[in-house]
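Working notes, beginning with the structure itself.
Here, each number is a calculation from the coordinates, and none is a lab measurement. Everything quoted here is computed from the prediction, not taken from an experiment. Neighbour counts are summed over all protein chains in view; Cβ atoms, including those assigned to glycine, are modelled from backbone coordinates with ideal geometry.
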Amino acid sequence: MYRLYFIAKNNLKKKKSDALVLTGLITLAVMMMYISLSVLLGGGRMFEEIHEKINGMDWHLVAQKDGTEQVDEILSAHEDVEQMEKSDLLYVPLVKYRVDGGEEKDYSFIFRNSDAEDEVNKLNTDFKGTLSDEQILLPYYMHVSDGCEIGDEIVLDISGETYVFELAGFSEDPFYSSPMMVSMYQVFISEETYEKISTPEAMSAYMWKVCLQEGCDTVSFNKEVLDEINRDVPAVAQSYFSWSYDWATTKSATMMMADVSMGIMLVFAMILLAVTLVIIRFSIANFCELNMKNIGMLRASGYTSRQLIGSFMMEMLLITLVGGVIGIGLGTVSGDFVGEIISSLVGVSYQVGVDFFSAGCVLLFSIAVVLFITWNCSRPYGKISVLDALREGIVTHNFRKNHISLETTCQPLSLALGMKSVLCAKRKNFGILGIVTMLSLSCCIGFGMYQNFAKDISYLMRLVGSEIGDAAYVGDDLDELGAEIEQLPVVEKVLYLKKSNVMISAGEKEENVSCFGWKNPEKVQNNFMLEGCLPEYDNEIVLSKLLCDKLGVTLGDIVYLEEIQGKKDFVVVGINQHIRDMGIGGMINYEGMSRLTGESKSQQMHIYGTGELTYTEMLDYLNEKFPEREAIDIVEMSKSITGIVALAMELMCGVFLVVTVIVVFLVVYLLIKAKVIRERKNYGLYKAIGFTTRQLCMQTIMSNLPVMVTGAVIGAVSSHWLASKVALLGLSTCGIEKCEMPVAPHYMLITIVMITVVAFVIALGCSLRIRKIEPVKMLTEE
Amino acid sequence: MKTILKAKDLCKTFSNESVQQHVLKNLNLEIEEGDFVVIMGNSGSGKSTLLYALSGMDRPTLGSIKYFDEEISDYSNDKLAVFRRNHCGFVFQQNFLNDTMNVLDNIMVSGLLKSKDRKAIAAKAKQLLAQVGLSEEVYHKFPTQLSGGEQQRVAIVRAIINTPDILFADEPTGALNSQNTENVLNVLTELNKAGQTIVMVTHDIRLARRGNKIKYLQDGVITGDLQLGDYVSKDKARHDALRAFLQEMGW
């Protein structure tokens, strides 16, 4: 073993820069793999810890107080319920808030009494003591997304009343951690202030918090108990502000963005590792060709091919160990930074500690693949005969073809000689082409994600399936107001919505879903139809693709919806897709909703302007015109969700760009350096016969740049077809079947130009080594 | 005859951290058009260093080198490259042919440096290949498919493709067997007869016999100079004169 170590150590000394580049790449790959794996494996654990600490609820329901007494009985009677508690809360659909004199924002809030001594889902905060009347606890998400700090002044405007608070601390409740799951902020205030806020505008509601027996499936419980409540408690089914969530769904939905981001990072880390493996191959080949005589000497003095291959493997093992340990170290050191990013995505303080399991897995995996590749590509050199090696000899040219004959070509000399080099090393250049194509493709996909999901959120909202008009209203008695708004010259259309939680069944299969009843389905903007048509009659329904799959129905099939008016049959006339409600939902018209619930009073109203006014002007205009009802800034509210997505997409795009630049840098650096070393005698000769350094540099650059540019172009152009497929793959779990993620041509161009410029600059920088080549020394050296 | 190359007080010193090695010491030399100058001397006497300094491949430490009236010793690297491209041709002991290119391309890569007329260069390359005794068969062969002598003749054609004013040769037959050596020497002699100025470094008396001026170098200084007439095969007097000269020089 020591013999192998001895040869490996000496080999490493000879190729310090190769070793440094490979160590750098492995460090980067291992770091990214370690971070992503530890978040993917540990994210859920972190939520479980908080859940356990606060005796977290496994299921909860929020609904108005009136007419919901029966919910207590249903829950108490359920055999799976271990503990049940009912708490008060105030729901305010529109609160204008301002943090420390900053910009005013709108959002939905639920207010909780911090003095209530809850047993289930206890208040989880870093604040010690009792809140004074002027103090407030905000969700931790507002710290990471809005930059709120303890001590800040928080001004809340609730129905014209202004309340000024001092931020005393942050609360962490996994159910209300980020707007990804429930689009509202849960805040805690003192009992006295709570009473003060309890006005008719702030809707008083109950939160039923349930802990289930160990081993109970929370998703099934949700389905089962909601079915019963919807059937027996109409006040819940028809209330426009009732919601319920179970622990398993909440956990996975809250972690979704973090998991998707880390999943992408993991894939990218794997690509980086693949690039490293290709470079290892080049490195071994270059080293062997340059040191063929030494290999011959070792073979002549009795080293077996096995020992030689072993020395290469030892060498790569050392590099991987060093790179791996540094990568894991850096991953651990950057834990705070990563933690902050994850916190901003999930809304609870996330600490990436040392994860020995992930570290071990990543290290072992990296070592295994590196050793395998090293073994595989060093075998031919281990097997070379002593005499061939001493004659410096693997014959690298196969005499098949003299590529680009100088006699006939019309290319400039530097380009022709560069292209000759490209064609002489086809296999190597195919490898590089593959790497650059992958990088360029990932970069364009990153740009595509940024363009479609961060820069312009309209397509994202279409996929989500939520309407974003210029303004919205929520509440009862909206129809009269709507009729007046429709008459305004600046208004193009008004959409009316009534939601209902229904049990939908087909044969023996049933699902509890949110059914959206639209007054005018044909005007709905963010309805992504896959096939069929919109509901025209009162017995027609459009189902989401995922729901169709779950129920096993398709166009033309009959499904049954159960609500206050009993079980009603509907014909499936259309299939749509949306991310909202985890991809499950139904869509009917108002006549259909009347059949189900006996009435069709609108609960939500979305206003679309003609374009004359900006959305803020429209809000001001409506609030001035109808001061008794406040219009909701739906664009601002949706930013709480889209903001998270945008942040994740921007981060991913940034990571893709940085890693692409690093990899192109390393690949070009290594290739040009190896070429200059390997062909130093040729360069010496070329200088002797009159080539200038500039000509030789151009020739060297041209031996790599065409491959780089071709790879960049192929990757960028193929993103036109592949980007949508990749996005679809990521969103397929939410039932998305069609997704267009076009990459704008200018992003493709930026990618191509970026790769080309980086490759050119690095190639130029590295090829300047040719300046130092002195023909006399090269031609006279042995 | 006009002086084509003139070295005056030429010094070349190699130094590393602690040691300075004076290889050429105030050396003076003139080469006239049409000369076949042979530089001889023991190993380490500075023959190759002198050749590389004269050809602009290396820069002298001190002194001047004039190409006609043009001082080249203070040229920049790129200017020297252009000088070599336009006025010099080189033949080395190793042929340094690029084994990824066929014979024709190995020659054209040099020819295209000076002229862009590919057809003319290709035609000239073929004509010169024929002149050095290489048939059409070798045009598209790769260097490793040729014998050592053939490779060296290709290297000579590469060196003269741009019609250099001076052809520099550093032990051009050092790696060849006797038959191939003879072939290469015949080529050089023919070229000289056609007016090509040649400066050749060797320590082989058979090669030296081909020159018309012999310069003997010892410890960086030319210590002897012998004028011989034009080369005639089996000229015993010429051989004896050379042998006597070398004996006198302590060869």
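Annotation: peptides A:420-433, B:2-15, ranked by per-residue average of other Cβ atoms within 10 Å with the highest first, follow the order A:420-433, B:2-15. So which lysines pass the test for A:Lys550, namely a Cα distance under 16 Å, with those fewer than 8 places away in the same chain ruled out? List returned: A:Lys223, A:Lys509. Between the C-alpha center of the range B:34-85 and that of the range B:176-222 there is a gap of 17 Å. Taken about its Cα centre, the range A:668-782 carries a charge dipole of roughly 520 debye when the Cβ of each Lys and Arg holds +1 and the Cβ of each Asp and Glu holds -1. For the range B:32-102, the relative contact order comes to 20 percent (Cα pairs under 8 Å, sequence separation of at least 6). Sparsely packed loop sites in the range B:209-251 (the trypsin sites (Lys or Arg not before Pro) outside DSSP H, G, I, E and B with at most 10 other Cβ atoms within 10 Å) comprise B:Lys234. Each principal axis of the range A:592-749 carries a Cα extent, and these read 94, 36, 24 Å when sorted largest first.
Since only B:Leu167, B:Gln131, B:Phe36 are under comparison, the one whose Cα sits farthest along the positive direction of the charge dipole of chain B, derived from C-beta charges on Lys, Arg, Asp and Glu, is B:Gln131. Peptide B:79-87 has a mean of 4 when you count, residue by residue, the C-beta atoms of other protein chains within 10 Å of its C-beta.
Only Lys, Arg, Asp and Glu carry charge here, each on its Cβ (+1 for the first two, -1 for the last two); on that basis the range B:51-104 has a dipole of about 80 debye about its Cα centre. Sorted from greatest to least, the principal axis extents spanned by the alpha carbons of the range A:272-351 come out as 65, 19, 16 Å. In terms of overall dimensions, the C-alpha atoms belonging to the range B:116-214 reach 39, 29, 17 Å along their principal axes, ordered largest to smallest. For chain A, the normalised intensity computed at q = 0.06 Å⁻¹ comes to -0.50 (log10 of I(q)/I(0), Debye sum over alpha carbons, equal scatterers, no solvent).
The base-10 log of I(q)/I(0) for the range B:30-131, evaluated at q = 0.14, 0.16, 0.17, 0.23 Å⁻¹, reads -0.73, -0.92, -1.01, -1.31 [Debye formula, identical scatterers on Cα atoms, solvent excluded]. Treating each Cα of chain B as one equal point scatterer and applying the Debye formula with no solvent, the log10 of I(q)/I(0) at q = 0.07, 0.10, 0.11 Å⁻¹ comes out as -0.24, -0.49, -0.59.
Pairs of alpha carbons in the range A:81-218 separated by more than 26 Å make up 20% of all such pairs.
Counts of other chain beta carbons within 10 angstrom of each beta carbon in peptide A:690-696 average 6. Packing-based ranking of B:178-186, A:342-350, A:264-272 yields A:342-350, A:264-272, B:178-186, ordered from highest to lowest mean Cβ neighbour count within 10 Å.
Taken as Cα centroids, the range B:106-170 and the range A:681-725 sit 28 Å apart, rounded to the nearest whole angstrom.
Spatially, the range A:310-380 and the range A:1-71 are offset by 10 Å when compared through their Cα centroids. Helices in chain A that qualify as membrane-span-like (whole DSSP H runs, Cα extent of at least 24 Å along the helix axis, mean Kyte-Doolittle hydropathy of 0.0 or higher) are A:16-53, A:247-290, A:305-333, A:356-382, A:426-450, A:634-678, A:705-731, A:745-767.
Placing +1 on the Cβ of every Lys and Arg and -1 on the Cβ of every Asp and Glu, with no other charges, gives chain A a dipole of roughly 9560 debye about its Cα centre.
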